Structures are given as structure tokens and as C-alpha cells.
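Just so it is clear, none of the values below were taken in a lab; they were calculated from the coordinates. Quick caveat: nothing in here was measured; it's all calculated off a predicted structure. Cβ placement follows ideal geometry from the backbone for every residue including glycine, while neighbour counts extend to all protein chains displayed.
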Amino acid sequence: MKIAVIGCGYLGAVHAAAMASLGFDTVGVDVDASKVERLGRGEPPFFEPGLPELLRAGVGAGRLRFTTDVAEAAGSDVVFIAVGTPQLPGSDAADLAFVDAAIASLEPHLGAGMLVVGKSTVPVGTAARLAEVVRPTGARLAWNPEFLREGFAVQDTLAPDRLVYGVEPGDDAAVERLDAVYASVLERGTERLVLDFATAELVKVSANAFLATKISFINAMAELAETVGADVTLLADAIGLDARIGRRFLNAGLGFGGGCLPKDIRAFQARASELGHADTLAFLGEVDRINLRRRDRMAALIERELDAVGGDRVAMLGLAFKPDSDDVRDSPALDVCRHLQRAGRSVVGFDPQARETAGRVLPSLEIAGSVADAVRGADVLALGTEWRDFRELDPVEVAQWTQARVVVDGRNTLDAARWSAAGFRVVGLGKPEVQPA
Ligand code: UDX
């Protein structure tokens, strides 16, 4: 079977490498020549654990190549559409320009027997509209949303929680073709749901909306906890023991960021409004506002601590929107740095992987090459991303590098007892402060 993947960003590059690892002859197509060139050498243009090995294996075996020429998708059995659907500038809606351009450029190369499979996250109704464009070529369309998390992208692609196929009524051939693509995934006993287009599209956006709501729910509890002196982590542990609620995605702190959850909940609301359901998803506006308020709160806490010691310089540990990623798109940690800079504070940041990406997005930010360099001369320490590297820091050693004796833990992730024993005051989000021992 021959496979093409249009769009070699995060989703597409991982998907193409995964398809090649399953033994398919795979070509990745992207308009960005430098990205194509790097991927062709087996080098991902972003940090993702496990991806370099997968890319190199595919390229080395001659099963995986990359090109800027969409004509090379001609004759493929399956063409995946994995281009981005970013937030439209000045609007909450998703920008479908890349999806439409991908389909338009592909159209002359489509023919009977080919299956076009959308993976991008799109507003409900998009698949039905695109099926009309694809049908006259003799090819068929299916929608197969992805649920991959950055940092776990390879694992989530090859061993997902479930596979969702959105197909036109009675399109058994599309289902069979997708089953052939995912044969080794299905052999693991993975649940596969065959749905209509609209349901498949909604599964993706509603899953993300639910996850975002879960995070903002616990962050709302954190706001209250701060006022009444409660501890949001213990609260999450307690409610999470109810199997109907579950403990996962109840970590209070700086909230969600990244290239998906924030823009997806906004695009979902915008689409609901177009469909006459503005009220139905109005609560997602509140989910968004709760999430953004956490960043203000963290910046305010850091400023309070700076003023308390008469200092001005903060070291932000963690700049990526989440650990195991160099992605700083809508990064809460970087946003807090921005807030502090605007308030005239001196900010130095460090991240195990996101130093370059953060420097590009916020060139005014001073970026250190190590934790020791970042904390030296800082008055207050702050933690913005829950990298394991930071959890594993020895606070006794950190205390030797810096005069700061307070750490604002924006992810409630440090072992407060250890930091307190090393002489630090630990300020969390939504929990009582821990004084130095
Ligand atoms: C998300 C979805 O999980 C994935 O299924 C979808 O395909 C794309 O969007 P991702 O953006 O990689 O994946 O990150 P995720 O692990 O979901 O985390 C999102 C954000 O929420 C991060 O900023 C993370 O730090 C934050 N988060 C997560 C919390 O603040 N608390 C939690 O309990 C969990």
C-alpha cells in the first residue's frame, strides 16, 4: 500500500514516520522546502521523543521520503490531510485555508480507488463540504481525527486509545481501507468506531473541550482554595478517587496552552455560534477566561514575592507549554514572562528544550543555558513547566547557586517538604504556602 501525508508539521511528520514504521511506502508532502529537506535527512524540525529514531529508520529503509511536489501523492492508496487549522487572526474561528489549499492542490492528482483521509481538527461540517470536492475525481473521503499529545505523539499514533473513522453512509470500502492501514493497531485490541462525518468531527473537538473544562474546573477550585486556605491538590486527589471523575487532567496550576486546546475551544464556540448555538457552548468562554486568569495570578504572586524581598529579578524555570516538548505556542509560562516584563521586571528563563523556540517568540527574554545560570542573581524562582528535570533538582544545591529563598511553583509539582527543608518558602497555586523549615 502507498501512502501520502499532506502537511508535515507536528501531526503530519509523526503520522508519516508512523506509517513508514508500519511498513508502508510513504511520502510526506509540505510546501516548506527547508522542512522537507530536514525531514528527508531524518531530522525532525521540532523536539518529540522517539521521532528521530522512527524518521531515520523509515528514511534509511527507503520507505519514507519527503517532497514539496504534491504530484507525488498521485497513485497513493491513501492520502492523509494533516495540515494545520490555526486560529484566524482577529477571530476565534479556525482558519481552513491550509485544508482548502491542500485539497485544491491534490484534486488534479486524485482518481478512482484513492481514499483521502482528513486528520486535521476541523469545524463540524467541513468533511461533508470537502467530500463534494473530492467526489467528482472518483476518489472518496473519510475523516479520521487524531488525539495525539505532544511528548507522546509516537506512542499515541501507534497505540491510540481508540480509532475514529468518519465515513459517508455505507462506505464499506473506506472502512476496509482504513482497517488495512491500521491493521497492526487493531490487532492490539484497540477500539475502532465507525461514525458519520459530523459525529467524527465532533468527537475530536468535544474531547478537547472536555479536557480543557476539566483543567479549568480544578483551576476554579484553586481560586477558591486560595481564599479559604484549602489545598487544591488534596482536593483533586479526593474527588479523583471517584471513578466517575478520575484523577487525570485535574492538575491545577498555570493551566493549558499549546497549539490545540486553546484554539480548539475557541473555534468550537465560533462554529456553534454559526450554527445558532452560541449559548450552548458559552461555558467554554468561561473555561478560557479561568485558564487565562491563572497566568495573571502567577505573575501577581511573583511580583508580590519580588516586592517582599525588595528584588526585581525572577528566574522562570520552564518555557514550553508542557514538558517533553519545545513547543511554546500559547505557552502559559512564556505568557507570565511577558506579563512580568511589561511590569518592568527583569526576567531570565530556562527550559531543557524550548530555549530556541522561546527566544524566537519573545526575543526580549534573557535565556540562560542552565538552571544554575538562570537562578544566579535571581530574587525569586518560578516554575512554569513541570519538566521532570525540575522535579529532580536538589534544592540544597539550588540554594548554593542563588540568593533567592522563595519559589513560586506554577505547576504544583515540586516536593515542597524538600524545598522547605533546604530553606525555601514554596508558594503554589491554590494551596497554602509552605514555610522554610
Ligand atoms: C491536547 C490533547 O490532550 C490531545 O488529545 C489533542 O490531540 C491535542 O491537544 P497537547 O496539546 O499535546 O494535547 O497537550 P496536553 O497533554 O493535553 O496538555 C495541554 C495543556 O494542559 C498543557 O499546557 C498542560 O500543561 C495542561 N494541563 C494538562 C494542566 O494544566 N493540567 C492537567 O491536569 C493536564
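Put a dot 7 Å past the Cα of L186, heading toward its Cβ, do the same for E132, and the two dots end up 3.2 nm apart. Computed on the range 165-282, the Cα convex hull volume stands at 155 Å³ per residue.
Under a model in which nothing but the beta-carbon of Lys, Arg (+1) and Asp, Glu (-1) is charged, the chain shows a dipole of about 440 debye around its Cα centre. Considering only alpha-carbon pairs that sit under 8 angstrom and 6 or more positions apart, the relative contact order computed for the chain is 11 percent.
On C-alpha positions alone, give me the angle between the axis of helix 197-228 and the longest principal axis of the chain, in degrees, nearest 10. Helix 197-228 sits roughly 10 degrees off the main axis of the chain.
If the segment from K2 to R293 were pulled out straight at 0.36 nm per residue, it would be longer than the present Cα-Cα gap by 100.0 nm.
Converting phi to 3J(HN,Hα) with the Karplus coefficients 6.51, -1.76 and 1.60 and the offset θ = phi - 60°, the range 315-320 yields 9, 9, 8, x, 10, 5 Hz in sequence order, with x at every glycine or proline. Each of P262, A174, V154 was placed along the dipole of the range 154-308 (beta-carbon charges, centred on the mean Cα), and the one lying farthest toward the positive end is P262.
I'd like the FRET efficiency for D25 and D307, computed as 1/(1 + (r/R0)^6) with the beta carbon distance as r and R0 of 45 Å, rounded to 0.05. Given R0 = 45 Å and the Cβ-Cβ separation, E is 0.15. Here r is the Cβ-Cβ distance between E72 and S273 and R0 is 45 Å; the resulting FRET efficiency, rounded to 0.05, is 0.70. Rounded to whole numbers, the Karplus 3J(HN,Hα) couplings from phi for the range 32-48 are 8, 4, 6, 5, 4, 5, 5, 4, x, 8, x, 10, x, x, 8, 8, 8 Hz, using 6.51 cos²θ - 1.76 cosθ + 1.60 with θ = phi - 60°, and x at Gly and Pro.
Taking Cβ atoms as reference points and 15 Å as the exclusive limit, the residues near G246 contribute a net charge of +1, counting Lys and Arg as +1 and Asp and Glu as -1. Here the range 8-32 is scanned for amide nitrogen atoms under 15 Å from the site 7 Å beyond the Cα of R56 along Cα-to-Cβ, giving none. Within the same chain, lysines fewer than 8 places from K2 are excluded, and of the rest, those with a Cα less than 30 Å from its Cα are K35, K119, K204. For the range 338-393, the relative contact order comes to 29 percent (Cα pairs under 8 Å, sequence separation of at least 6). Taking a ≥ b ≥ c as the square roots of the Cα gyration tensor eigenvalues, with a/c under 1.5 meaning rounded and otherwise prolate when a/b beats b/c, else oblate, which class fits the chain? It is prolate, given that a/c is not under 1.5 and a/b is the larger ratio.
Take each peptide in 111-119, 148-156, count the other Cβ atoms within 10 Å of every residue, and average; sorted highest first, the result is 111-119, 148-156. Stretched out straight at 0.36 nm per residue, the stretch from L88 to A243 would grow longer than its current Cα-Cα span by 52.0 nm. Counting only DSSP beta bridges with both residues in the chain, the antiparallel share comes to about 5 percent. Between A33 and A421, the contour length at 0.36 nm per residue exceeds the Cα-Cα span by 134.4 nm. The Cα center of the range 54-82 and the Cα center of the range 174-253 differ in position by 32 Å. When a/c reaches 1.5 or more, the comparison of a/b and b/c decides; with that in mind, is the range 46-111 rounded, prolate or oblate per its Cα gyration tensor? Here the range 46-111 falls in the oblate category. Ranked by the mean number of other Cβ atoms within 10 Å of their residues, highest first, the peptides 212-221, 428-437, 235-244 fall in the order 212-221, 428-437, 235-244. For L141, the residues whose amide H sits under 5 Å from its own are V116, ignoring neighbours fewer than 5 places away on the same chain, with H placed 1.01 Å from N.
Taking label points 7 Å from Cα along the Cα-to-Cβ direction, R41 and D172 give a separation of 5.0 nm. For R192, the residues whose modelled amide H falls within less than 5 Å of its own, excluding neighbours fewer than 5 places apart on the same chain, are L163.
Computed over the chain, the per-residue total of -39500 (n - 2.57) for DSSP H runs of n ≥ 4 gives a 222 nm mean residue ellipticity of -13000 deg cm²/dmol, rounded to 500. Near G349, the amide H atoms lying under 5 Å from its own belong to M316, E366, I367, A368; only residues 5 or more places off or on other chains count, and H is placed 1.01 Å from N.
Couplings 3J(HN,Hα) for the range 411-424, derived from phi with the Karplus relation 6.51 cos²θ - 1.76 cosθ + 1.60 (θ = phi - 60°), are 10, 6, 10, 6, 7, 4, 5, 5, 5, 5, 4, 8, x, 9 Hz, where x marks Gly and Pro.
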